[in-house]
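One structure below.
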């Protein structure tokens, strides 16, 4: 991607006090052609200096409007309510926005989709290249291996993970549903009401594990007569998500308004986010 007007791309990071926020700062500093332009923390949090001796001192404040005013693209791994507010600011300013927040409900997703009419927004449950390939493989496997193969998604994260199943697990279930010709959006709600221990032919299931400091592991298991296929991705370092989000930010910065996914960025014919 060509940088705007031959200069460095100005990247703003929302929620720099969190683990992903710190990983994103490291990713920006390690990447040529981009610079950290602004940062923010959640309301009620003390300001945090994030600059170092090699760049202009930047202080992260609870001022999202200033964050968007200073940035060509903002990266947001925060919380659902904050991401909706950031999407509204993106629509108001025309600033590109990359959202990695998970746990959004239908109302919040609709608000972000509406904001994308006025600004380029890329939203994904996972920014790992490997996970997005796993989404494509899941759709293919679910399509080729029919209802004789029971499909389960296993989601394993650290003890502090708030949403269960994870956004990535839900994305995998939607990919499997699409492969099986089911309604991808109805599938997660149906799972909550239909997990009674009896396996219905062609159904989809999930299991959630939480413990320790596991960055993220996802498996798609297709168990059929006499054989079992397992597709697994293991994340060993949170930096892979930060690097993927930064790559998405560079790709998104010059796009027209619209709602984009990692599948769009990677050219994959599969659900991305």
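Nothing in this text is a laboratory measurement; each read-out follows from the coordinates by a stated rule. This one's a predicted model, so the numbers in the text were calculated from it and none came from an experiment. We place every Cβ from the backbone using ideal geometry, glycine too, and count neighbours over all the protein chains shown.
Roughly what angle does helix 80-93 make with the longest principal axis of the chain, taking Cα atoms, 0 to 90 degrees, to the nearest 10?
Roughly 50 degrees between the two axes.
Given the C-alpha atoms of the stretch 35-116, compute the convex hull and give its volume per residue in Å³.
On the way: hull volume 7.1 nm³, N = 82.
Spread over its residues, the Cα hull of the stretch 35-116 gives 87 Å³ apiece.
If you restrict to DSSP beta bridges whose two residues both lie in the stretch 129-235, what percentage is antiparallel, to the nearest 5?
70 percent
Which order do 159, 35 fall in if you start with the one that has the fewest other Cβ atoms within 10 Å? Spell out each step's value before the answer.
Values: 159 9, 35 16.
The most exposed by this proxy come first: 159, 35.
Expressed in nm to one decimal, what extension gain is obtained for the pair residue 69 and residue 114 from 0.36 nm per residue of sequence separation less their Cα-Cα distance?
Numbers: separation 45, 0.36 × 45 = 16.20 nm, distance 2.06 nm.
Once the chain is fully extended between residue 69 and residue 114, it gains 14.1 nm.
Using the per-residue mean of other Cβ atoms lying within 10 Å as a proxy for protection, in what order, highest first, do the peptides 171-183, 231-243 fall? Write down the numbers at each step before the final one.
On the way: 171-183: 22.6, 231-243: 17.2.
In decreasing order of mean packing, 171-183, 231-243 become 171-183, 231-243.
For the chain, what does the convex hull of the Cα positions come to per residue, in cubic angstrom? It would help to have the intermediate numbers written out before the result.
Working: hull volume 36.3 nm³, N = 273.
Roughly 133 Å³ of hull volume per residue.
Using only the alpha-carbon atoms, how far is helix 129-144 inclined from the longest principal axis of the chain? Give it as 0 to 90 degrees, nearest 10.
Between the helix axis and the principal axis of the chain, the angle is about 30 degrees.
Can you put 72, 26 in order, fewest other beta carbons within 10 Å first? Before the final figure, lay out each step's value.
On the way: 72 21, 26 13.
Ordered by Cβ neighbours within 10 Å, fewest first: 26, 72.
When the convex hull of the Cα atoms of the stretch 129-235 is projected onto a plane and the area is averaged over all directions, what value comes out in nm²?
6.6 nm²
Largest first and in whole Å, what are the equivalent-ellipsoid semi-axes of the stretch 62-211 based on the Cα gyration tensor, each being the root of 5 times an eigenvalue?
Its equivalent ellipsoid spans semi-axes of 33, 16, 14 Å.
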